[in-house]
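Student: Take a look at the following structure, please.
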Amino acid sequence: MLIKNASWIRMKEAGSSVVPVFRKTFSGEKPVRKATLEVTCDGVYEAVLNGERVGEFILAPGWTEYSKRLQVQSYDITGLLNNDTGLLNNDTGLLQKENDATGPVNKENVLTVIVGNGWFRRTNAPWTGTKNPDEFLPAMVIAVIHLEYEDGSEELLPTDETWEVSESTITLSGIFPGEDVDMTRELSFEPVVIADYTKEILIPQEGPEVREQERIFPRRSFRTPKNEWVLDFGQNLTGYMYFETDAHAGEKLSFSTAEVLDKEGNFYTGNYRSARSQMHYICREGHQSYKPKLTFFGFRYLRIDEAPQGFSADHVYAIVLHSEMNRTGWLESSNPMLNQLFSNTIWGQKGNYLDIPTDCPQRDERYGWTGDGQIFCRAATYQYDVRQFFKKWLADMRAAQHDNGWVPEVIPSLTAYNPGGAGWSDAVTIIPWQLYETYGDLTFLSEMYEAMKKWIAYIPTVSHTPDLFTGCWTYGDWLALDWPEGYVPENIERAKRGYTDDDLMCSAFYANSVNIVIRTGKMLGQDVTEYEALYERIKAAFRKTFGEKLNTQTEKVLALSFDLAEDPQAVADALAEQIRACGMKLQTGLVGTPRLLHELSRYGYTDIAWSLLLRTEYPGWLYSVSKGATTVWEHWDGIKPDGTFWDDDMNSYNHYAYASVADWVFAVAAGIKPAAPGFARVRIEPHPDPRLNSLSAVFDTVHGRIRSFWKYTEDGIRYEIDTPVETEIVIGGVSRIVGKGKYLFGE
């Protein structure tokens with residue numbers, strides 16, 4: 001990378017909250033054949049050349065394991081070079097391409113790079129990259145302009161002492177606070193200071209870019225009972241607002257964001273916790289437009305706290321952000337509420353696949369929780385092509401893994417609360433295997449195999465019991481519903497984990513990860529004899545220790561899902577009876593819920609799985625839909641039947657873990673499963689239910705499009721199957737092997 005010829009630069013004596021704009025002016029007189037910009041920073045940046053934004057990457061350079069990996073972006077800027085005359089705009093310090101009556105100024109090019117704190121220097125980041133852990137790094141940038149001239153000569157313009165820097169018109173920027181802008185601020189440029197910072201962490205861009213994806217206009221503009229002016233976009237989304245206005249210099253425009261309204265219909269931000277999530281804009285004179293440059297928000301509602309006279313809701317829209325991904329899966333049914341749930345799962349993925357798979361996009365968190373990541377991964381691969389997205393995140397997982405094998409529960413490991421984390425750290429095995437199953441790409445396994453083995457080797461060093469994973473910290477069956485409602489124990493964290501035995505859960509995931517290592521090793525031609533012996537010991541120890549103690553729904557689900565039950569049908573029968581006995585309700589948490597419907601269907605209880613999916617009362621997937629949800633909630637009763645909230649502290653309304661139910665709809669209800677890695681061969685066995693008149697699933701695999709459709713008619717059930725590969729189609733218990741084509745069946 002040419003950027004290693006450049007130096008890190010910063011502003012002299014600038015505090016950590018300063019948002020500087022760096023500037024380089026260079027000649028454009030010599031004919032240029034090609035011009036390239038390589039750039040990155042210790043935060044997030046926006047680069048502008050001659051008044052035009054460079055590239056479409058929002059929030060570049062993205063979020064990586066910054067202590068070891070910092071992505072560098074490379075842009076072709078040839079078309080942005082200024083070969084004409086231009087004027088310098090005093091508000092931004094950018095060279096504008098248009099002329100006015102004062103005439104031309106020069107033929108120079110002006111590149112500016114604004115740098116905000118972003119993820120790198122966010123307010124709760126314990127790691128700063130400095131020798132003093134109590135200090136935060138100043139905003140820095142490193143870049144190089146590579147000019148290839150028509151005459152064959154070349155020139156490098158790296159960041160060095162010839163660059164200038166000023167405080168920008170952005171006066172506050174952060175992932176949690178939002179963005180404040182003062183367009184009346186006069187810029188005052190000064191020489192930069194060379195910063196002593198490592199270049200060893202610089203790597204080429206790996207992940208897909210975060211880009212602006214779509215625009216959403218307000219559905220309504222209204223006054224709340226508190227007389228606050230609020231815009232409703234009708235969709236909980238991740239992105240930011242755009243506005244236009246006519247104003248006098250010094251007038252202010254301020255916005256606050258929220259996901260929901262309270263019981264009385266007022267603007268509610270309690271669940272954002274310490275995240276301010278606002279934008280404040282001081283206007284310049286005349287007509288102007290703006291959208292945040294260095295942050296993002298999770299919101300459905302926008303409160304206009306202050307605005308110039310004459311400002312209208314017609315002047316505002318929302319811009320949706322997410323990583324570049326091609327849509328691959330579509331679900332549609334005869335039930336409008338179920339269709340809304342399908343939409344909610346898509347929006348949950350879009351809202352949380354923002355460079356990394358976050359848990360939520362709104363409050364003072366937005367972490368890459370490994371538990372949520374593995375829980376939703378299978379559904380994610382049905383809905384979008386996430387190959388490149390996970391390639392990059394798994395590379396950060398390898399970089400974040402400790403030498404002793406521990407995989408932090410948050411990747412990138414900006415915050416890692418507790419070591420271990422079964423079900424969370426096991427993402428190191430579960431996600432690569434799922435990606436291999438969906439896409440048939442063996443590199444997902446080969447790149448992660450050593451990390452998988454390191455995690456397996458770590459567990460015996462901390463476990464209290466040979467051949468099991470016991471006595472260690474775990475999040476358990478997080479947010480399980482089998483703890484008594486309203487009961488507050490001395491340890492509230494225990495209540496959040498429910499009644500599922502921690503040691504049983506950890507040991508079950510231990511067995512599953514060892515099993516994945518065995519299968520992976522065989523695929524890679526490795527000797528896995530040692531792991532096969534370990535797996536048999538784990539299974540025997542699990543059955544001896546927990547075989548007669550499968551009490552909770554989740555305990556039964558894990559024993560079934562990981563093939564640890566001695567009599568799986570008996571366990572499934574007991575699970576079904578347990579669900580019926582509590583009123584046809586699930587009591588599982590984050591660990592058990594994603595696997596619950598699959599195991600019910602696997603052992604002959606698809607009718608119960610459908611009952612749970614179609615349930616409109618709490619707890620149920622359609623309960624939140626009945627409350628107007630447009631994304632999937634963190635808590636089944638994030639808004640209770642009486643309109644009050646579950647809690648302020650931990651109550652996200654865009655939390656995609658429970659959206660994992662989409663993979664059951666694709667794989668079981670519509671019946672689309674791989675019979676070979678990458679869906680090179682397919683098995684399609686739909687499971688219709690008379691409570692739903694019809695269901696359609698479309699899935700674009702790497703080998704082509706699969707369509708599974710069923711509908712109840714006067715003559716029975718009609719099935720329409722399209723497949724691009726050899727497929728086993730099972731209808732009414734009858735199996736048929738077919739080739740590529742379109743097929744029609746009746747039952």
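Student: Which one of Asp700, Asp689 is closer than 20 Å to Gly440 by Cβ, acidic (Asp, Glu), at pLDDT 95 or above and not in a helix (DSSP H, G or I)?
Tutor: On the way: Asp689 fails: closer than 20 Å to Gly440 by Cβ.
From the options Asp700, Asp689, the qualifying one is Asp700.
Student: Is it true that Ala318 is in contact with a Ser or Thr (Cβ under 9 Å, 6 or more places away or on another chain) and among the aliphatic types (A, V, I, L, M)?
Tutor: Details: in contact with a Ser or Thr (Cβ under 9 Å, 6 or more places away or on another chain): no; among the aliphatic types (A, V, I, L, M): yes.
The answer is no for Ala318.
Student: Residues of region 312-363 being over 22 Å from the mean Cα position of the chain (by Cα) and modelled with pLDDT under 95, which ones?
Tutor: Result: Ser312, Ala313, Asp314, His315.
Student: Separate question: What pairs can you find where one residue is in region 56-74 and in the same structural domain as Glu38 (by TED's automatic domain parsing), the other is of a type in the set (Gly, Ala, Ser), and their Cβ atoms are less than 6 Å apart, with a gap of 6+ or different chains?
Tutor: Between residues of region 56-74 that are in the same structural domain as Glu38 (by TED's automatic domain parsing) and residues that are of a type in the set (Gly, Ala, Ser), the close pairs are Gly62/Gly207; Glu65/Ala399; Glu65/Ala400; Lys68/Ala399; Arg69/Ala399; Gln71/Gly62; Gln73/Ala60.
Student: Follow-up question, since we're still on this one. Which pairs do you get when a residue that is on the phi > 0 side of the Ramachandran plot, found in region 256-282, comes within reach of a residue that is of a type in the set (Lys, Arg), reach meaning Cβ atoms under 6 angstrom, with the pair 6+ apart or on two chains?
Tutor: Between residues of region 256-282 that are on the phi > 0 side of the Ramachandran plot and residues that are of a type in the set (Lys, Arg), the close pairs are Arg273/Arg363.
Student: State whether one or more residues within region 655-670 are touching a Cys at 6+ places or on another chain (Cβ under 6 Å) and buried (at least 16 other Cβ atoms within 10 Å of the Cβ).
Tutor: Looking only at region 655-670, we keep the residues that are touching a Cys at 6+ places or on another chain (Cβ under 6 Å), and these are 655.
Now drop any that are not buried (at least 16 other Cβ atoms within 10 Å of the Cβ), which leaves 655.
Within region 655-670 (the criterion being touching a Cys at 6+ places or on another chain (Cβ under 6 Å) and buried (at least 16 other Cβ atoms within 10 Å of the Cβ)), the answer is yes, since at least one residue qualifies.
Student: Specify which of the listed residues (Thr554, Thr465) is surrounded by fewer than 21 Cβ atoms within 10 Å (Cβ to Cβ), β-branched (Val, Ile, Thr) and modelled with pLDDT of 95 or more. Talk me through it step by step, then tell me what you get.
Tutor: Values: Thr554 fails: surrounded by fewer than 21 Cβ atoms within 10 Å (Cβ to Cβ).
Within the list Thr554, Thr465, the selection yields Thr465.
Student: Return yes or no: is Asp482 touching a helix residue (DSSP H, G or I) at 6+ places or on another chain (Cβ under 8 Å) and at pLDDT 95 or above? Outline the logic, then answer.
Tutor: Working: touching a helix residue (DSSP H, G or I) at 6+ places or on another chain (Cβ under 8 Å): yes; at pLDDT 95 or above: no.
So Asp482 does not fit the description; no.
Student: So Val407 ticks every box in (1) under 24 Å from Thr461 (Cα atoms); (2) assigned to a helix (DSSP H, G or I); (3) of a type in the set (A, V, I, L, M) but one. Which box is left unticked?
Tutor: The one condition Val407 does not meet is (2).
Student: Checking the structure you have, find out if any residue of region 638-645 is among the hydrophobic types (A, V, I, L, M, F, W, C), under 23 Å from the mean Cα position of the chain (by Cα) and surrounded by fewer than 21 Cβ atoms within 10 Å (Cβ to Cβ).
Tutor: No, region 638-645 contains no residue that is among the hydrophobic types (A, V, I, L, M, F, W, C), under 23 Å from the mean Cα position of the chain (by Cα) and surrounded by fewer than 21 Cβ atoms within 10 Å (Cβ to Cβ).
Student: Another question, then. Output the residue which, of all residues in region 1-22 that are in a strand (DSSP E or B) and of a type in the set (A, V, I, L, M), is nearest to Val39 (Cα to Cα). Working first, answer last.
Tutor: Let us first name the residues in region 1-22 that are in a strand (DSSP E or B), namely 8-10, 20-22.
From what's left, of a type in the set (A, V, I, L, M): 9, 21.
Values: Ile9: 12, Val21: 14 Å.
Across region 1-22, the extreme among qualifying residues is Ile9.
Student: Something else about it: Hey, does region 356-369 have a residue that's of a type in the set (Ser, Thr, Tyr) and under 24 Å from Arg705 (Cβ atoms)?
Tutor: The answer is no, given that none of the residues of region 356-369 is of a type in the set (Ser, Thr, Tyr) and under 24 Å from Arg705 (Cβ atoms).
Student: Next question, about the same structure. How many residues are crowded, with 23+ Cβ neighbours inside 10 Å and farther than 18 Å from Val407 by Cα if we restrict to region 437-456?
Tutor: 1
Student: Moving to a separate point now. If a residue must be touching a Phe, Trp or Tyr at 6+ places or on another chain (Cβ under 6 Å), part of a helix (DSSP H, G or I) and among the hydrophobic types (A, V, I, L, M, F, W, C), how many such residues does region 352-400 contain?
Tutor: 1
Student: Continuing with the same structure: With the condition kept exactly as written, say whether any residue in region 170-185 is out of contact with any helix residue (DSSP H, G or I) (no Cβ under 9 Å at 6 or more places or on another chain), β-branched (Val, Ile, Thr) and without any contact (Cβ under 8 Å) to a residue 12 or more places away in the chain. Steps first, answer last, please.
Tutor: Step one: list which residues in region 170-185 are out of contact with any helix residue (DSSP H, G or I) (no Cβ under 9 Å at 6 or more places or on another chain), which gives 170-175, 177-185.
Narrowing further to those that are β-branched (Val, Ile, Thr): 170-171, 175, 181, 184.
Narrowing further to those that are without any contact (Cβ under 8 Å) to a residue 12 or more places away in the chain: none.
Looking through region 170-185, none of the residues is out of contact with any helix residue (DSSP H, G or I) (no Cβ under 9 Å at 6 or more places or on another chain), β-branched (Val, Ile, Thr) and without any contact (Cβ under 8 Å) to a residue 12 or more places away in the chain.
Student: Considering region 211-227 alone, what residues qualify as being within 23 Å of Pro361 (Cβ to Cβ) and touching a Ser or Thr at 6+ places or on another chain (Cβ under 9 Å)?
Tutor: The answer is Arg211, and nothing else.
Student: For region 520-536, give me each residue that is loosely packed, with under 13 Cβ neighbours inside 10 Å and either of a type in the set (Ser, Thr, Tyr) or not assigned by TED's automatic domain parsing to the domain that holds Met448 (or both).
Tutor: Selection gives Thr529 alone.
Student: Does region 309-325 contain at least one residue that is closer than 30 Å to Trp393 by Cα and acidic (Asp, Glu)? Break it down stepwise before answering.
Tutor: Restricting attention to region 309-325, the residues satisfying the condition of being closer than 30 Å to Trp393 by Cα are 318-325.
Those still in the list that are acidic (Asp, Glu) too: 324.
Looking for residues that are closer than 30 Å to Trp393 by Cα and acidic (Asp, Glu), one finds at least one in region 309-325, hence yes.
Student: On the basis of being outside any strand (DSSP E or B), modelled with pLDDT under 95 and outside the structural domain of Thr644 (by TED's automatic domain parsing), does Ala275 make the cut? Let's see the steps before the verdict.
Tutor: Working: outside any strand (DSSP E or B): yes; modelled with pLDDT under 95: yes; outside the structural domain of Thr644 (by TED's automatic domain parsing): yes.
When the stated conditions are applied, Ala275 passes them.
Student: For Ile672, work out the one condition from (1) in contact with a Leu (Cβ under 9 Å, 6 or more places away or on another chain); (2) outside the structural domain of Asp359 (by TED's automatic domain parsing) it doesn't fulfil.
Tutor: (1)
Student: May I pose another question? Looking at region 338-348, is at least one residue in contact with a Leu (Cβ under 6 Å, 6 or more places away or on another chain), more than 30 Å from Phe509 (Cβ to Cβ) and either surrounded by fewer than 24 Cβ atoms within 10 Å (Cβ to Cβ) or not assigned by TED's automatic domain parsing to the domain that holds Glu285 (or both)?
Tutor: no
Student: Quick test for you: out of Glu13, Glu52, pick the one residue that is surrounded by fewer than 21 Cβ atoms within 10 Å (Cβ to Cβ), out of contact with any strand residue (DSSP E or B) (no Cβ under 7 Å at 6 or more places or on another chain) and modelled with pLDDT of 95 or more.
Tutor: Values: Glu13 fails: modelled with pLDDT of 95 or more.
Just one listed residue meets the conditions, Glu52.
The rows are residues; the columns are (1) surrounded by 19 or more Cβ atoms within 10 Å (Cβ to Cβ); (2) part of a strand (DSSP E or B).
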residue	(1), (2)
Phe233	yes, yes
Asn236	yes, yes
Gly239	yes, yes
Phe243	yes, yes
Gly250	no, no
Ser254	no, yes
Glu264	no, no
Tyr281	yes, yes
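The values are calculated or read from the model by the stated rules, or taken from the named source; none is laboratory data. Note that this is a predicted model, so its numbers are computed, not measured. Every residue, glycine among them, receives a Cβ derived from its backbone with ideal geometry; neighbour counts consider all protein chains shown.
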